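Comments concern the structure below.
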Amino acid sequence: MYLQRKSDTIFAELTPAGKGSVSVFRISGQLASYIYKHLIHGKRSLPRIASVRWLHDPETGKRIDRGIVLWLPGPKTFTGEDIVELHTHGGRSVREAMINALNFINGVRLAEPGEFSARAFINGKVDLTEAEGIADLISAETEAQRLQALRQMSGGLKELYETWRVKLIKLSAYLEAEMDFSDEALPSNINESVYSNIRELVSDIEIHLLDKNRGQKIRHGIQIALLGAPNAGKSSLLNILAKKDVAIVSDISGTTRDVVKINLDLEGIPVSVSDTAGIHSASGKIEKEGIKRSYIESKSSDIRIIILDGETWPEVPSEIIDLINDDSILLLNKSDLVKISSSNVIKQQPKVISCLKGIGISEFTKELTEMVKNRYDIGENPLITRERHRKAASDCLEALKRSLKVDQI
């Protein structure tokens, strides 16, 4: 669609909808200069120098507002095209008048979502990974997301992949030269050097792929599931983590029927915490569906927080024991109601807490934060942030491995 309509001149309001002191409009395309003349009467300001001018309705000639105007001739712009930016007052009436004025001009239309970045990509201003980084930066809600997006937007992945691409082109050229000029006096070690470099590339790509999906998980948030028997304290813990009442807490078994999710920022790393229905042998249709969803949530989670009921301790239902894995944190709730003793049915000793009295909560949140930071630190090297990157790297890796097998024949 972008390719078919790339000759259109487009505009969009860059600032969020709603009442504010300033609204910013961007216009990009071959009609940008024409639009400037029709909105701003008089001589055009110097390129890349902000000036305060009156903005006029092109249909009636009446004033709309007075604002800051920027004329940015291409190709040295974000999109590679001529750009006009208008900074107006942010009142609803002014914004609507500006949109109507721009829509009135023939050949001008409202930009589709992401179209400015798409034009920057088409015009060679950014590559696809950098454009994706821009989108991620706009969506970033935590520090880790911001840093990862900034690294990608700045060309981190592009530089890595470009290094590999250049190396592959050189290796291909060496192999073609060996085939085309086999009867010539070529260096005897070309073949050995080529396959040595291929083995290095294979190692580099394998290391790149062994990232445990950290980049993708940082983009979408680390999935944490609160699991346990009914009335163990899952909803109470969710409310403590959220610092507000987001889940209903009751001593009636089966209060939680569906998955309740909250998003948290654990020292810059995004996490999504899910409160699930209590897992037990249920008879009711609705309760069974809730438990089914609990199991689905447990399988898709990155970290399982298993909440054990202090009132029934040290007995632990078999359904709960089956949930414990290497990615689990065990909590023994209701420590104010029970005498703590060891359990013979689970190897890992749970952390003792009381959601009601706040005992052990700060220690638990600290442990959880450290666990998340250690596992999902963005590190120094660029991370894969999309399945598209992973598939392309995996396909390349398989092709290189096949070439090494051919060399051994």
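The values are calculated or read from the model by the stated rules, or taken from the named source; none is laboratory data. As the structure is a prediction and not an experimental result, all values here were calculated from the model. Don't worry about glycine lacking a Cβ; one is built from the backbone with ideal geometry, like all the others, and counts go over all protein chains shown.
Below, the figures for the structure above:
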quantity: Among the candidates G155, G133, G80, residue that is more than 23 Å from the chain's Cα centre (by Cα) and among the small types (G, A, S); calculated: G80
quantity: Residue in region 34-49 that is polar (S, T, N, Q) and either surrounded by 15 or more Cβ atoms within 10 Å (Cβ to Cβ) or not assigned by TED's automatic domain parsing to the domain that holds I99 (or both) present; calculated: yes
quantity: Selection within region 195-248 - part of a strand (DSSP E or B) and either free of Cβ contacts under 8 Å to residues at least 40 places away in the same chain or closer than 25 Å to L137 by Cβ (or both); calculated: I222, Q223, I224
quantity: Residues of region 261-309 classified as of a type in the set (K, R) and exposed (fewer than 14 other Cβ atoms within 10 Å of the Cβ), total; calculated: 4
quantity: Members of region 261-276 found to be in contact with an Asp or Glu (Cβ under 7 Å, 6 or more places away or on another chain) and either within 19 Å of L308 (Cα to Cα) or modelled with pLDDT under 90 (or both), listed by number; calculated: S274, T276
quantity: Enumeration of residues in region 367-409 that are assigned to a helix (DSSP H, G or I), of a type in the set (V, I, T) and without any contact (Cβ under 8 Å) to a residue 60 or more places away in the chain; calculated: V406
quantity: Hey, G74 part of a loop (DSSP other than H, G, I, E, B), out of contact with any Lys or Arg (no Cβ under 7 Å at 6 or more places or on another chain) and surrounded by 14 or more Cβ atoms within 10 Å (Cβ to Cβ) or not; calculated: yes
quantity: Scan of region 17-33 for residues that are touching a strand residue (DSSP E or B) at 6+ places or on another chain (Cβ under 7 Å) and surrounded by 13 or more Cβ atoms within 10 Å (Cβ to Cβ), ordered by number; calculated: S23, V24, F25, R26, I27, S28, G29, Q30, L31, A32
quantity: Strands (runs of 3 or more DSSP E) within region 3-70 that include 2 or more residues closer than 26 Å to R119 by Cβ and β-branched (V, I, T); calculated: 9-13, 22-28
